[in-house]
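The values are calculated or read from the model by the stated rules, or taken from the named source; none is laboratory data. All figures in this text were calculated on a predicted structure; none of them were measured in a lab. Neighbour counts are summed over all protein chains in view; Cβ atoms, including those assigned to glycine, are modelled from backbone coordinates with ideal geometry.
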Amino acid sequence: MERPLTRNIHPDRPPLNLKEYEMTGGYAAVRKVCGGGMSPAALQKLVQDSNLKGRGGAGFNTGIKWSLIPMGDQAPHPKYLIANADEMEPGTFKDRVLLEGNPHQLIEGMILAAYAIQAEVAYVFLRWAYHKAADLIRKSIQEAYDAGYLGKDILGSGFHLDMHLHTGVGRYMCGEETALLNALEGKRATPRAKPPFPQISGLFGKPTIVNNVETLCCVPHIVNNGADWFKGLSYSEDGGTKLYGVSGKVKRPGAWELPMGVTMRELIEEHAGGMKNGVQLKGVLPGGASTDFLTTQHLDIKMDYKSVAAAGSRLGTGTMIVMDSETCPVGFVHNLQHFFAQESCGWCTPCREGLPWVEKILLSLEKGDGTPEDLELLNMHTQFLGPGNTFCALAPGAMEPLQSALKYFRDDFEKHIEHKKCPYD
């Protein structure tokens, strides 16, 4: 089984420096594109044909996203490329594996993506808490400059690219691409109205592409091996491999690079070793904290975008949070809503006012003070804070675990009301 993203990542040794990375085939894709005269349009088409979909959760075809950038002499300049490394989704740690394990892979992917859209400036927007990754990225960027892979006239191609590291302020909101742009400009991290989309008017009003770390890391391998090879790695119509993660009361929590479309059952039972002794699986958030619960009836679905959506949830980041039979679903969801309410930027009223209200209702249920009317209020909020009613996707994402918990674990909510306490205490 091929694992292009993680084959050079070994937990027991430091990440590869530039020379070591080159010895494993690193920067061959940059030499092939910049030194070999591949056109930006050809690179965009190659990535589009590979069916690489955004690994940050949206699942949009990466090559098509790039194709929306204005090209040619009349296009606004400078253009920008941003790697979204602000990994703050609860339960998600896949990008950290790549950032700390092989930073040159990300830098190479960013050079190729910047070439494809003819961007002159690139930023790595990094989560503030990833101090180790920050040190490694700074060092690797300097190595790439020294080797001529960054800077002026890269490999004699006439293509110029400057790259910078920017650490975020530690707010979940910064992971939303337009709030990220505001933060990068030194403004309050609030979302922007769309349209205009960042591809047309992004950072400092110029054309901008924001891609997830894992997405960008796939690009060198597509260039080196081709679109058909990348599609052949997958068990589904979505191309490539995927970094999947499992956390919770499993025997071996962790992250693994596997073919896109591996089943949830294989992830939990084989790679994560199954549930710890004495507990059973009760529910799973398949793609991080802002996805709908799935249950044991869904274990055999493929972990790809279409299959997970058909089951009523989202693939999201592909890093699942497992809830066991000894964990209270009400307390579990309350913990998530506390996080989302705390991280709301306050830009729109439904999110600013609604999320704290949801949190307070769930807390009253946990304390034994809940009433049947509280369940109706929670249901109401899942509608009023749903898609289309807020400025960005933070509140709708927060409602996904709540609405699915009310669907699958309603008896647990009702027991809190009936017994006037949490039945799991």
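For (1) surrounded by fewer than 21 Cβ atoms within 10 Å (Cβ to Cβ); (2) aromatic (Phe, Trp, Tyr); (3) touching a residue at least 40 places away in the same chain (Cβ under 8 Å), each residue gets a yes or a no:
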position	(1), (2), (3)
Gly316	no, no, yes
Thr327	yes, no, yes
Leu336	no, no, yes
Glu343	yes, no, yes
Thr349	yes, no, no
Pro356	yes, no, no
Asp374	yes, no, yes
Leu394	no, no, yes
Arg410	yes, no, no
**Prompt:** How many residues, within the stretch 197-224, are buried (at least 17 other Cβ atoms within 10 Å of the Cβ) and in a helix (DSSP H, G or I)?
**Reply:** 12
**Request:** Check Val169 against each of (1) at pLDDT below 95; (2) out of contact with any helix residue (DSSP H, G or I) (no Cβ under 7 Å at 6 or more places or on another chain) and name the one condition it does not meet.
**Result:** (2)
**Prompt:** Taking only pairs six or more apart or across chains, which ones have beta-carbon atoms under 7 Å, a first residue in the stretch 129-145 that is modelled with pLDDT of 95 or more and of a type in the set (Gly, Ala, Ser), and a second residue that is surrounded by 15 or more Cβ atoms within 10 Å (Cβ to Cβ) and not in a helix (DSSP H, G or I)?
**Reply:** Ala133/Leu126; Ala134/Leu126; Ala134/Leu165; Ala134/Thr167; Ala144/Leu150
**Fill in**
Scanning the stretch 287-296 residue by residue, those part of a loop (DSSP other than H, G, I, E, B) and buried (at least 23 other Cβ atoms within 10 Å of the Cβ) turn out to be Gly287, Ala289, Ser290, Thr291, Asp292, Phe293
**Complete:** Within the stretch 79-102, residues more than 9 Å from the chain's Cα centre (by Cα) and among the hydroxyl-bearing types (Ser, Thr, Tyr) come out as Tyr80
**Asked** Which of the residues spanning the stretch 1-49 are charged (D, E, K, R), more than 24 Å from Glu143 (Cβ to Cβ) and part of a helix (DSSP H, G or I)?
**Response** Lys45, Asp49
**Item:** Test: residue in the stretch 110-128 that is under 24 Å from Pro4 (Cα atoms), out of contact with any Asp or Glu (no Cβ under 8 Å at 6 or more places or on another chain), surrounded by fewer than 17 Cβ atoms within 10 Å (Cβ to Cβ) and of a type outside the set (Gly, Ala, Ser)
**Value:** no
**Answer from Glu359, Glu414, Glu326 - the residue that is part of a helix (DSSP H, G or I) and farther than 30 Å from Arg192 by Cα** = Glu414
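Would you point out the residue of the stretch 297-311, among those that are out of contact with any Leu (no Cβ under 7 Å at 6 or more places or on another chain) and assigned to a loop (DSSP other than H, G, I, E, B), that is farthest from Gly397 (Cα to Cα)?
Asp300
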**Fill in**
The residue from Ser157, Ser247, Ser201 that alone is in the same structural domain as Gly283 (by TED's automatic domain parsing) and among the polar types (S, T, N, Q) is Ser247
